[in-house]
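Enquirer: First the structure, which I've put down as C-alpha cells, then a few questions once you've had a look.
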C-alpha cells in the first residue's frame, strides 16, 4: 500500500478513478449481473457432496412395510376430521397413545393484527398434538421432529396417516438414539410458531399458548411432511425459511441421496433437474430454478412449516409430495421408506449438522453455489456505491486541495455549519416517514375502515401504499426551512451520506440474506449512482420511481409468477402485489420476519434521500 | 479371583446339603441375593436385582490391616482401607427413569455415572484422596471416572446424608460428582459382575446376559458400600456391599407388543439354582395390583406371599425361594411367566420433576426446573441440588421460585458461585411444595466462550449439565417400618427410615444438553491467513496513513549542482 502513502501516486490513482468513474461503474454493474447469471451455469457450480461423516458412510436399511395401513389411517383421520369439523384431538391422542407414544397437547390462540384474506383467518384458536417416542436408554437430551400440518380443508390427510404409520413402525425398533417427536400442528405456521415458542419457553410474537408438558431435550433436526394424495409422482424439497435462513446443505444432500437410492423423482422449486446443461434450454432451466430460490429467499417468509425451526438453530426442511400427470407413480410405502432412511441417518448424527454450508443457492438438487461464489456478484454492485462516494469525496475536497495537499482533512470544516443541518434534516424526515410507513397501516386500519368502503386488509395495504406515495411529496427541499437555499455542495454531501448509508445497509442485508440484498442492489444501485439535481426532472423522477423498492417488489411478483409458469395479467398481478404486502406485514407480526421493517424503516428512507437529491434546489 | 473360585468349590464339597442360614451364622461373612419383578402399568416390566454382601470387619476403628477376604471383593476392600472411605455410592445408568410411567424406582440414579463418597473424618487431604479414588475406581469399573475433577465435584451441604451408620454432618468430608455423558455398556457390566460372590456362574446372576440387559429401555447398575449394624442393638458393625442392577424391558421393542413376559423372554435364560454361597436367594413378583389374579396370570403359582412397605405403599409379593428344591419343579428350572389379562390405570407418582433449557441463540438462556407435588392435600419440603458447570454463568439474582403463580421463598439456600475452570456452581435450596402444585425454579445464564483447547472433540454436540437432584421426605400413606435391622426384602431396606409418617425419595431430572458458541474448527488455517493479511495490509497501511503527515520533498539536486555547492561551501560563497 505504498501506493496510498505516496501523494503523487495517490493523486494519480484518485484522478484515474474520478476520470474513469462512470465507465468503471457501468462495467461493474454489468459484470455483477453477468456474474450472477453465470452462477447457474453448471461448469461454474460445485457438485453437492455429503460432508457429515456420520451420515455419509454409514448404511441403513429401509424396511418400512406399512404404507397401505398408513393410508387407511389417513382415511380414518379424514373421516374423524369431517365429523369433528376441525382437528380430531381426541382421536389423535388415542391413536398416538395406542402406538406407544407419550402424547401431549397444546392449545393456542392468536388474534391477527388484521384479517388474513388469503387464508381467511382472524381469530385463530387451535390445538397442537404431539407424541414423543422415547428412545431406549437415552437420557432425553436430543430429539428429532417429524411434523405434519393438519389443514382445515381436505388436503394433507395422507401426511398425518403416514406420520402415524411411521410412529408405529419406529416404536418397535431398538436402534433409536434420539427421541422422536411426532407433531401434528393446526393452522400451519401459527400452530408451529406456538409449539416452538412453547417448547423453548419464549414469547417473541405475543402468542397466547398453554405451556408444554413433555419435552425431549434439544432438537437436532426436523422434517415437515406435506402429502395430499395416495400416490405421488415426485417429492419437492423446500428449504427457504424465515428471513431467508437456510438449513445446512447436508440436509438437502441427505434427501437427494435417499431419493436416488430409493428411486423417487425429486425436485427443488418444483423443477426437475435436466441433464443438458450445455444447451440454452438447460441453462435457462437452471437459471429459473435458481431465480426462484433467490426470490423465495428474498421474501424472508417461511415457505413451509420447517421455516420457523431455523430461528432455533434446528436444521429443518419440508418434503412436499406432488402428484402430476406423469406416468410413474410412487406409493406411500416408498415415501415411508425414504423418511425412515432419512431419520435413521439423522439418528446417527453425533453432532448437530454443521459440516456443510449454511449459505448457498441451488440451481439444481445436485449442484450448489456457495457463498464464496455468489458474493462477488453483490460485491461488484456494492463497489459502484463506493466508487461514486469516492468520486464525490474528491469533488468535495477539490477546492481545499489548493491550499493543502492531504485530500480530506480540511474539507469537513467547509460543510460544517450549514452542511450538517442540511444533511440531517432530510435524513430525519425521511426516517420519520419510514416510521410512519411501519406503524400507521396497522394502527389506522379502524379509522380507514370507518371512512372508506374497504375491508381491514385492504385498508392496511392501501394505507401503506398511500404513505409510501405521500413520502414522495413530503421531504422536498426540507433543508431549505433550516439552512436557506440549498447549495451545490449541500446535495453532494447529502448524496455522499446516502451512498455510504445505502452501501452499509445493502452490505449488511446481503450478509444475512444475500438474495434480498442483491435484488435491492440491482434497482437501488443505478438510482443511487446516477441521481443529481441537474437532470431532466420529469424523466428522472419517473426512472427513480420505477427503481424504488416498492416497484422492485412489483417486478418480483411478476417475475416470480413468470418463473413458476403461471403468468398473470396486470390487474391480477396488482392484486397479487397487494396481497404480498399484506402477507409481508402479517409475517412480520406473526413470525417476526424482518423484511417489512427493513424495507419500511431503512431502505425506503434511504431511497427518499436520493429522491430528495433529485429535487434539490 | 483365584481365591474366590476355590472358595466356591470348597463350599460345594464340604457343605452340599447344609442349610444356608446355619452356614451363614457360622461364617463371618454372608451374602444374599434377590430379584424383584414388577409389572408396570405401561406394559413394560421392571426387574431389579440386589446382591448384598456383609463383611464382618472393623478395620476403620482399630486401624489394623485386613488381608483376608472371603466374600467381599478384595479390590473394593483395599480401596476402602487405603482411602479411608466411610461410605461409597457409585451408579452407572444408561437411560432416564420415566417416573410418570413407571412410578418410583427402587434405587434411583441419574443418567450417566454418579459417584458420592463420605470420607472418614480423620482424612487430612480429602481432595487428594478423592482424586486418587476416582482414578482407582475408573480402573475397577472400566469407566471414565478419571474425568471427575474439581470442575465437576461439589460438596452438597444437605442433600446427601450418609445412608449407613454414623451421623456425619460435616460436608467437608463429602464429595459428589456426576458424569452425565458417561455411556454404560458391557465393559462396565463385566467388572461389576466380577464383584459378585458367585460371579455370573450361578444364582440369579446367570440371568445377566448383556445382549438382553442392553436390549432394554433403562439400564442401571450400582455399587453401594456403607457400614451397618449387625443386630438391632448395634453391638457390632459390618461393611455392607450392595450391588443393584435395574432394568426395564420395553413392551414394544422387547415384548413385540404382547403383554406377556417370562424370565426366558426377558433374559433368554431360566433359573436353575441359587448361588451356593448365598444365605438367601429369592425372587419376588409384585402382585399388589393383582390380588385375585384379574390383572395377570402368574405361573408357576406360589403360595408364599410377603408384604413389605415400599415407598410409602404396602405391597404384596409372591416369593420364590431358590434355596428350596421344590421351587424349580419337575423341569428343574424356574421360568416365571406373566400374562396380562386386563388394563390398569396409571398411578401418578407423588413427586416428579423435569428440567429444560429455555430460550434460543447462543448468548443467554434460562434453566427451568419443574417440581410436581401430586399429593392431594399434603405439602412437603424438598431439597433441590443443582450443580452447573462454570461455562454456564448463572445469574443468581434472576433465581425465582414460583408455585401456583405465587412466589415461594425457599427457607434455605446454599449457593457457592463457580470459579472459571476451577469449580462449578452449587445451588441447594429447601423448598416447600404446596399440595397438588407445580413449583417452577428458573435461573438465567450466559454462555461463556471457551478457550479453543477447552472444547471437546465434538463441540457441536453440545455440553452436558448434570441432573438436578431432588431429595424429599414424602408423606406416607401407610406407617413406615422404622426397625432397620429386622429381616426384610433387600429392596425395601435401602434407604433407612427414621420416622413412620414419611419415606425418603430421591428424584433426578434429565440432564441438559447446551450448545456453546463454537468456532468453526475446520478452517483455522484460513482464519489465520485471512487475519494476518487483513492486519498486515489493511490495518498497517491505514495506520500509516493516519499517523503520518506527508510533505512534498524537494526533488533531489543533480550531481553537478551538488558538486558546485560543495565547492562553493569551501570557497565560502552562498550556495546555489
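Enquirer: Listed residues A:7, A:23; which is over 33 Å from the mean Cα position of the chain (by Cα), more than 30 Å from residue A:284 (Cβ to Cβ) and modelled with pLDDT under 90?
Expert: It is A:7.
Enquirer: May I pose another question? Give B:168, B:158 a once-over and let me know the one that is surrounded by fewer than 19 Cβ atoms within 10 Å (Cβ to Cβ), part of a loop (DSSP other than H, G, I, E, B) and within 19 Å of the chain's Cα centre (by Cα).
Expert: From the options B:168, B:158, the qualifying one is B:158.
Enquirer: Quick one: is residue B:243 within 14 Å of another protein chain (Cβ to nearest Cβ), under 19 Å from residue B:76 (Cβ atoms) and under 22 Å from the mean Cα position of the chain (by Cα)?
Expert: No: the conditions fail for residue B:243.
Enquirer: Sticking with this structure for a sec: Taking the stated definitions as given, is residue B:494 surrounded by 11 or more Cβ atoms within 10 Å (Cβ to Cβ), away from chain A (no Cβ under 14 Å) and in contact (Cβ under 8 Å) with a residue 60 or more places away in the chain?
Expert: yes
Enquirer: From the residues in segment B:341-353 that are in contact with a strand residue (DSSP E or B) (Cβ under 8 Å, 6 or more places away or on another chain) and closer than 29 Å to residue B:109 by Cα, which one is surrounded by the most Cβ atoms within 10 Å (Cβ to Cβ)?
Expert: This residue is B:350.
Enquirer: Quickly run through segment B:256-278 and pick out the residues that are assigned to a helix (DSSP H, G or I) and under 11 Å from residue B:205 (Cα atoms).
Expert: Of everything in segment B:256-278, just one residue is assigned to a helix (DSSP H, G or I) and under 11 Å from residue B:205 (Cα atoms), namely B:267.
Enquirer: Continuing with this model, one more query. Going through segment A:247-274 one residue at a time, which ones are over 17 Å from residue A:330 (Cα atoms), outside any helix (DSSP H, G or I) and out of contact with any strand residue (DSSP E or B) (no Cβ under 7 Å at 6 or more places or on another chain)?
Expert: Scanning segment A:247-274 gives A:269, A:271, A:274.
Listed here are the residues, each with its yes/no results for (1) at pLDDT below 90; (2) within 14 Å of another protein chain (Cβ to nearest Cβ).
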{"site": "B:214", "(1), (2)": "no, yes"}
{"site": "B:224", "(1), (2)": "no, no"}
{"site": "B:237", "(1), (2)": "yes, no"}
{"site": "B:248", "(1), (2)": "no, yes"}
{"site": "B:257", "(1), (2)": "yes, yes"}
{"site": "B:264", "(1), (2)": "no, no"}
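Enquirer: Looking at (1) assigned to a loop (DSSP other than H, G, I, E, B); (2) surrounded by 15 or more Cβ atoms within 10 Å (Cβ to Cβ), which one does residue B:291 not meet, given that it meets all the others?
Expert: (2)
Enquirer: Taking segment A:108-140, which residues are buried (at least 24 other Cβ atoms within 10 Å of the Cβ) and more than 14 Å from every other protein chain (Cβ to nearest Cβ)?
Expert: A:128, A:129, A:130
Enquirer: Could I ask something else about it? What do you reckon, is residue B:508 surrounded by 11 or more Cβ atoms within 10 Å (Cβ to Cβ), within 14 Å of chain A (Cβ to nearest Cβ) and modelled with pLDDT of 85 or more?
Expert: When the stated conditions are applied, residue B:508 passes them.
Enquirer: I've got another one for you. Has segment B:272-286 got any residue that is within 14 Å of another protein chain (Cβ to nearest Cβ) and in contact with a helix residue (DSSP H, G or I) (Cβ under 8 Å, 6 or more places away or on another chain)?
Expert: No - not one qualifying residue is present in segment B:272-286.
Enquirer: Of the residues that make up segment A:599-610, is at least one under 23 Å from residue A:115 (Cβ atoms) and assigned to a helix (DSSP H, G or I)?
Expert: Scanning segment A:599-610 turns up at least one residue that is under 23 Å from residue A:115 (Cβ atoms) and assigned to a helix (DSSP H, G or I).
Enquirer: For segment B:545-562, check the following and say yes or no: at least one residue is without any contact (Cβ under 8 Å) to a residue 40 or more places away in the chain, farther than 30 Å from residue B:389 by Cα, within 14 Å of another protein chain (Cβ to nearest Cβ) and surrounded by 12 or more Cβ atoms within 10 Å (Cβ to Cβ).
Expert: Within segment B:545-562, one or more residues are without any contact (Cβ under 8 Å) to a residue 40 or more places away in the chain, farther than 30 Å from residue B:389 by Cα, within 14 Å of another protein chain (Cβ to nearest Cβ) and surrounded by 12 or more Cβ atoms within 10 Å (Cβ to Cβ).
Enquirer: Moving on to the next point. Identify, by number, the condition in (1) part of a loop (DSSP other than H, G, I, E, B); (2) within 14 Å of chain B (Cβ to nearest Cβ) that residue A:277 doesn't meet.
Expert: Exception for residue A:277: condition (2).
Enquirer: Is it fair to say residue B:207 is under 30 Å from residue B:46 (Cα atoms), crowded, with 17+ Cβ neighbours inside 10 Å, touching a helix residue (DSSP H, G or I) at 6+ places or on another chain (Cβ under 6 Å) and at pLDDT 90 or above?
Expert: Against the criterion (under 30 Å from residue B:46 (Cα atoms), crowded, with 17+ Cβ neighbours inside 10 Å, touching a helix residue (DSSP H, G or I) at 6+ places or on another chain (Cβ under 6 Å) and at pLDDT 90 or above), residue B:207 qualifies.
Enquirer: Given the conditions (1) at the interface with chain A (Cβ under 8 Å from one of its Cβ atoms); (2) within 30 Å of residue B:384 (Cα to Cα), which single one is not true for residue B:522?
Expert: (2)
Enquirer: When you look at residue A:188, is it over 19 Å from residue A:124 (Cα atoms) and in contact with a strand residue (DSSP E or B) (Cβ under 7 Å, 6 or more places away or on another chain), yes or no?
Expert: no
Enquirer: Here is a further query. Looking for whichever is assigned to a helix (DSSP H, G or I), touching a helix residue (DSSP H, G or I) at 6+ places or on another chain (Cβ under 6 Å), within 14 Å of chain A (Cβ to nearest Cβ) and crowded, with 17+ Cβ neighbours inside 10 Å here; the options are B:137, B:189. Which one fits?
Expert: B:189
Enquirer: To continue, here is another question. For segment A:301-334, how many residues are surrounded by 18 or more Cβ atoms within 10 Å (Cβ to Cβ) and more than 30 Å from the chain's Cα centre (by Cα)?
Expert: Looking only at that region, the number is 4.
Enquirer: Going by the conditions given, is residue B:40 closer than 26 Å to residue B:321 by Cα, in contact with a helix residue (DSSP H, G or I) (Cβ under 9 Å, 6 or more places away or on another chain) and within 14 Å of chain A (Cβ to nearest Cβ)?
Expert: Yes: the conditions hold for residue B:40.
Enquirer: Does any residue of segment B:111-121 turn out to be farther than 30 Å from residue B:28 by Cα, part of a loop (DSSP other than H, G, I, E, B) and in contact (Cβ under 8 Å) with a residue 60 or more places away in the chain?
Expert: yes
Enquirer: Hey, which of the strands (runs of 3 or more DSSP E) in segment B:355-458, taking only ones fully inside, have at least 3 residues that are buried (at least 18 other Cβ atoms within 10 Å of the Cβ) and in contact with a strand residue (DSSP E or B) (Cβ under 7 Å, 6 or more places away or on another chain)?
Expert: B:364-373, B:380-388, B:392-403, B:425-433, B:437-447
Enquirer: Quickly run through segment B:228-274 and pick out the residues that are without any contact (Cβ under 8 Å) to a residue 24 or more places away in the chain and within 17 Å of residue B:33 (Cβ to Cβ).
Expert: None; the set is empty.
The values are calculated or read from the model by the stated rules, or taken from the named source; none is laboratory data. Given the structure is predicted, the values throughout are model-derived calculations rather than measurements. So basically every Cβ, Gly included, is an ideal-geometry build from the backbone, and we count neighbours across all protein chains shown.
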